[in-house]
Every structure is written in C-alpha cells, then in structure tokens.
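Engineer: Just dropping this structure here.
A short reminder: the numbers here are calculations on the coordinates, not readings from a lab. What you are looking at is a predicted structure, and each value in this text was computed from that prediction instead of being measured. A quick note on method: Cβ atoms are made from the backbone with ideal geometry, for glycine too, and the neighbour counts reach across all protein chains shown.
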Amino acid sequence: MDSKIIAPTYAKANIRFVKGKGAWLFDSKGKGYLDFTSGIAVNALGHSHPAIIKAIKKQSEKFLHISNLFPNEPQIKFAQKMLSLTKFGKEKGKAFFCNSGTEANEAAIKFTRKYFSGKGEKRTEIITFIHSFHGRTYGSLAATGQEKLKEGFGLMPAGFKHVEWNNAEALKKAVGKNTAAIMLEPVVAEGGILIPSKKFIKTINELRKQSGCLVIADEIQMGMGRCGAISCSELYGINADITTWAKALGGGLPLGITLINEKIAECLKPGDHGTTFGGNPLACATGLVALEIISKAKFLANVRERSAQLRAGLEALAKKHAGLGNIRGEGLLLGIETEKPVADLIVACRKQSLLVLRAGTNVLRLLPPLVITKSDVKEALKKMDAAFNS
Ligand SMILES: Cc1ncc(COP(=O)(O)O)c(C=O)c1O
C-alpha cells in the first residue's frame, strides 16, 4: 500500500483502479465496480465521458494556465453560462473563481465581512448549523458545525455561531445586530442528509429581510444538477446573496466558484482576494462542457427519474431487511438510515462490487453519477440487497 509515503489523513480502501467508464470503475484484474460515490459528488458525467475528453484535449492544445492577470476566455464563458443559469444573472451578479469547495466558502466568508466593513457596519458574525460541513481550511472549518473535525487544531477563527438545524425559533434568537450572514447547505449532505423544512426556509428568508444579514448557500455537493436542478437553494426558494460551488463544477477537474450579487460585488476591488490557479482555462473549458450537458432539461429530468427509481427501490429494501430505516435525500443524493455500523455496510457493498459512502453517523450515502441509467440503478439495488443479506 501507499501508507509508507502518503500522509495518513484518509482511510483508504485497498483497491487500485486503472480505468473508468460511465458509472463503472475497473481494477487491474478487470473487475468492475459500480461507482455510487462519483469521487464524492465530482464525476457527475461518470468516467471518461467523450465530451469531457474532447474539451480537455482541445484546451490543452491552446494553453493550460495564464494566471488571473489576463482575461481568460474559458473563464468568461463559464461565468456567463453559470450566471445565466442562476438568479445571479438577473441580479447583475459576478463570479469569483477558485479551485475547491473550501476555497469557495473562504471567499464567501471574506466577501461577507468586506461587504459590511465597506458599509461602515461592524457586523462580522456568521451563523451556520450543527452537522454542517463547509470544508477543511480554517475559515470553512470554523463555519463547519462538527466539533470533532476541529479537535487538536487550536484556536478557530472567531465569529461563527452554530445553531440547531431546522430549529426556526433557535435561529430567530441567534440572529442579532452583529449577524453578517446565515450560511447553510440547502441539504446538509456529509453531516447526515438533512432536508430543510419549509418553515425553516421561510424563517431564513424573513430574517434576511428583517435584519439585513446576508444568506450564503453552499451548493458544493447538491448544486450542479445533483438535486435535479442547477441550484438547490433556488429549488427550495432560499433567497441567497452568495452561493458557493465546486465538486462537479469542473467536469472532474478542480474548479470552484463563489457567486455574489451586485451589492457585494460593488464592495470589492483589485487585491482584495485571489488565488493563482482559480478558474484556470483547462478547468473552465472542461466545466463549461459539463455545465452545458447537465443544464439540459432532459438531463435534469433523468436525474429526477433515477432518483425516484432509486428511492422506491431503497424503500422496498428498507422494508425487507431488518435494521434499515428511513430513506433521506433529494435528487441523486440519497441515504438510508441504518442501525448496523455504516462502515460494515460499506464493506459489504464493496464485496458486491458496489462503491458507496457514509453520511453522519448512521446513514449509508449514495452519490451515483448523474448519467446513471435505469439498469445501473436496478443493478445497484440488486447488489445492495445481497450486501444487506450478508
Ligand atoms: C457541502 C460541502 N461544502 C464544502 C465542501 C468542501 O469542498 P472541498 O473538499 O472541495 O474543499 C464539501 C466537501 O465535501 C461539501 O460537501
């Protein structure tokens, strides 16, 4: 194994993949695994999608990187498309490019504070939610509502308050004159697949209006088609001033974006924030192709149809097997509650050559590529049935 030379920050499964095609990954012996992890919500178009290969080839023949000191055509085209597909296009919004989810959230946090300092207001506090996950760098980690991830890392940046998810009353009490933003994942993904109630969303929108705080929606896992729409916050009617995106955004390459509305964009000037690689031409050209495919109505309809098929199949499995509970989720982020240790179920699924994930402490998380077919879903359910029997 690679444990002699790779820092031990990940628990790795001992399978060496040599290639992938669609929803499948293959090891060196040619054994196929149905990939319901999508590289943790990255490979929306599956593996080796011809349009992605073509985009990478085409852009790599021009240039890979030119820095943010010059206008970058793939970046401009990507921003135009992204803005046109979200409400930010109508709000004269702008895009800040980076490379990952945690960086997109760092930018959101910094822009929020800059916005209020630009207005001469001393608001700095950001309210986020228990169980949330926003990334591993210090700002995003401070925003994350999981204390165990912060242990041993010393002082976190100040100014973050964590409130119980779906507790509208607690949120009302927490918002005050120092509140700069309410920051949320439209669906809490890694922390347990938690859907917001209608009342909770209504309260967030009302608090934004009443207190003048901003709303930051972290679309990193659920946006870009996974929820069955491009924007999950818009699907749920969350009125966000800032949205953050990564994972599937670059068509498999590292790409992140922070979308901001006009009033926030007006508070920024050259030198306020930056990153060398952010929005590099290769990732943007590739991401644009992915975005064009994913945003087609027929593509998103398939996400919703496969979601309904998978959910119905999981509900049947939950009835059949002891120790399984409710099905949670939206679109193609679905989870099944389990009384058995999730780690054991993941190993059992792997033995059936199905790759799955964990969410929270007791949920088996399924994140298939958005291109999965009816027969892929059938096959995955068959494999899970066998795994749950073992
Ligand atoms: C909702 C959400 N936000 C932020 C992140 C952090 O993204 P990255 O790992 O690209 O930094 C993740 C990653 O799992 C996520 O699911």
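Engineer: Could you work out Rg/(2.2 N^0.38 Å) for the range 291-370, with Rg from alpha carbons only? Could you put the intermediate results ahead of the total?
Structural biologist: Working: Rg = 13.6 Å, N = 80, 2.2 N^0.38 = 11.6 Å.
This ratio for the range 291-370 stands at 1.17.
Engineer: I've got another one for you. Just order 38-51, 168-181, 6-19 by mean Cβ neighbour count inside 10 Å, highest at the front, would you?
Structural biologist: Output ranking for 38-51, 168-181, 6-19: 38-51, 168-181, 6-19.
Engineer: Next up: Can you count the Lys pairs in the range 102-165 whose Cα atoms are under 24 Å apart, with each pair 8 or more apart or on different chains?
Structural biologist: 10
Engineer: Report, in degrees rounded to the nearest 10, the 0 to 90 angle that the Cα long axis of helix 374-389 makes with the longest principal axis of the chain.
Structural biologist: Helix 374-389 sits at roughly 70 degrees to that axis.
Engineer: Right, another one. Work out the length of the dipole vector of the chain about its Cα centre, built from +1 on the beta-carbon of each Lys and Arg and -1 on the beta-carbon of each Asp and Glu, and round it to the nearest 20 debye.
Structural biologist: On the way: 56 positive and 34 negative charges, 104 e Å.
Dipole of the chain, to the nearest 20 debye: 500 debye.
Engineer: OK, next. Only bridges whose two residues both fall in the chain count here: according to DSSP, what percent of them are antiparallel, nearest 5? Walk me through the intermediate numbers first.
Structural biologist: Numbers: 30 of 47 bridges.
Taking every DSSP beta bridge with both residues in the chain, the antiparallel ones total about 65 percent.
Engineer: Hey, another quick one. Net charge near Asn205: determine it from the other residues with C-beta under 15 Å of the C-beta of Asn205, scoring Lys and Arg +1 and Asp and Glu -1.
Structural biologist: Numbers: positive: Lys87, Lys172, Lys198, Lys199, Lys202, Arg208, Lys209; negative: Glu206, Glu234, Asp241.
The answer is +4.
Engineer: Quote the charge dipole size of the range 280-333 about the Cα centre in Debye, to the nearest 20; the model charges only the Cβ of Lys and Arg (+1) and of Asp and Glu (-1). Walk me through the intermediate numbers first.
Structural biologist: Details: 8 positive and 4 negative charges, 45 e Å.
Roughly 220 debye, rounded to the nearest 20.
Engineer: About the Cα centre of the range 129-237, what is the dipole size in debye to 20, counting +1 per Lys and Arg Cβ and -1 per Asp and Glu Cβ, all else neutral? Mind showing how you got there, number by number?
Structural biologist: Details: 13 positive and 10 negative charges, 73 e Å.
With only Lys, Arg, Asp and Glu charged at Cβ, the dipole is about 340 debye.
Engineer: How big is the equivalent ellipsoid of the range 52-211 along its three axes, where each semi-axis is √(5λ) from the Cα gyration tensor, reported in whole Å from largest to smallest? Each step should come with its number before you reach the end.
Structural biologist: Working: eigenvalues 200, 74, 61 Å².
Each semi-axis is √(5λ); the values are 32, 19, 17 Å.
Engineer: Can you tally the net charge around Thr243? Count Lys and Arg as +1, Asp and Glu as -1, for every other residue whose Cβ sits under 10 Å from the Cβ of Thr243. Could the numbers behind the result be given before it?
Structural biologist: Numbers: positive: Lys87; negative: Asp218, Glu219, Glu234, Asp241.
Net charge in that neighbourhood comes out at -3.
Engineer: May I pose another question? Identify unpaired cysteines across the chain, taking unpaired to mean no other cysteine Cβ lies under 4.7 Å from the residue's Cβ.
Structural biologist: Cysteines lacking a close Cβ partner in the chain: Cys98, Cys213, Cys267, Cys284, Cys349.
Engineer: Rounded to the nearest 500, what is the chain's calculated 222 nm mean residue ellipticity when only DSSP H runs of at least 4 contribute -39500 (n - 2.57) each, over all residues? Intermediate values should be presented prior to the final figure.
Structural biologist: On the way: 13 runs with 145 residues, N = 390.
Calculated from helices alone, the mean residue ellipticity at 222 nm is -11500 deg cm²/dmol.
Engineer: Kindly state, as a whole number, the per residue volume in cubic angstrom of the convex hull around the alpha carbon atoms of the range 200-267. Mind dumping the intermediate values first?
Structural biologist: Numbers: hull volume 5.7 nm³, N = 68.
Taking the convex hull of the Cα positions in the range 200-267, it is 84 Å³ per residue.
Engineer: Got a sec? Charge dipole of the range 34-103, +1 on Cβ for Lys and Arg, -1 for Asp and Glu; which of Ser60, Phe88, Gly46 is way out at the positive end?
Structural biologist: Phe88
Engineer: Given the convex hull of the Cα atoms of the range 143-284, what is a quarter of its surface area in nm²? Walk me through the numbers before you get to the answer.
Structural biologist: Numbers: hull surface 40.8 nm².
It is 10.2 nm².
Engineer: Normalised radius of gyration for the chain, please: alpha carbon Rg relative to 2.2 N^0.38 Å, two decimal places. The partial results should precede the final answer.
Structural biologist: Details: Rg = 20.8 Å, N = 390, 2.2 N^0.38 = 21.2 Å.
My calculation over the Cα atoms of the chain gives 0.98.
Engineer: Still on this structure, I have one more. At 0.36 nm per residue, minus the direct Cα-Cα distance, what do Lys92 and Glu262 gain on full extension? Give it in nm, one decimal, please.
Structural biologist: On the way: separation 170, 0.36 × 170 = 61.20 nm, distance 0.54 nm.
Value of the extension gain: 60.7 nm.
Engineer: Using the Cα centre of the range 140-292 as origin and beta-carbon charges of +1 (Lys, Arg) and -1 (Asp, Glu), tell me which of Gly225, Ile264, Cys284 is placed farthest towards the positive end of the dipole.
Structural biologist: The listed residue farthest towards the positive side: Ile264.
Engineer: Follow-up. Setting aside same-chain residues fewer than 8 positions from Lys298, which lysines have a Cα under 25 Å from its Cα?
Structural biologist: Lys21, Lys54, Lys77, Lys81, Lys87, Lys90, Lys247, Lys374, Lys378
Engineer: With Cβ to Cβ distances under 15 Å as the rule, what net charge do the other residues near Phe17 carry (K, R +1; D, E -1)?
Structural biologist: Details: positive: Lys12, Arg16, Lys19, Lys21, Lys29, Lys31, Arg350; negative: Asp2, Asp27, Asp35.
Surrounding charge for Phe17 is +4.
Engineer: Calculate I(q)/I(0) for the range 272-318 by the Debye formula, one identical point scatterer on each C-alpha and no solvent, and give its log10 at q = 0.15, 0.28 Å⁻¹ to two decimals.
Structural biologist: Once normalised to I(0) and log-transformed, intensities are -0.62, -0.94.
Engineer: How much FRET efficiency would the formula 1/(1 + (r/R0)^6) give for Phe70 and Lys340, where r is the Cβ-Cβ distance and R0 is 56 Å, rounded to 0.05? Walk me through the numbers on the way to the answer.
Structural biologist: Details: r = 55 Å, r/R0 = 0.98.
Using R0 = 56 Å, I get an efficiency of 0.55.
Engineer: Taking Cα atoms, how many degrees apart are the long axis of helix 297-320 and the longest axis of the chain, rounded to 10 and kept between 0 and 90?
Structural biologist: 60 degrees
Engineer: Report, in cubic angstrom per residue, the convex hull volume of the C-alpha atoms of the range 195-352. The partial results should precede the final answer.
Structural biologist: Details: hull volume 27.4 nm³, N = 158.
Per residue, the Cα convex hull of the range 195-352 comes to 173 Å³.
Engineer: Which angle from 0 to 90°, rounded to the nearest 10, does the C-alpha axis of helix 73-85 make with the longest principal axis of the chain?
Structural biologist: That helix lies at roughly 90 degrees to the long axis.
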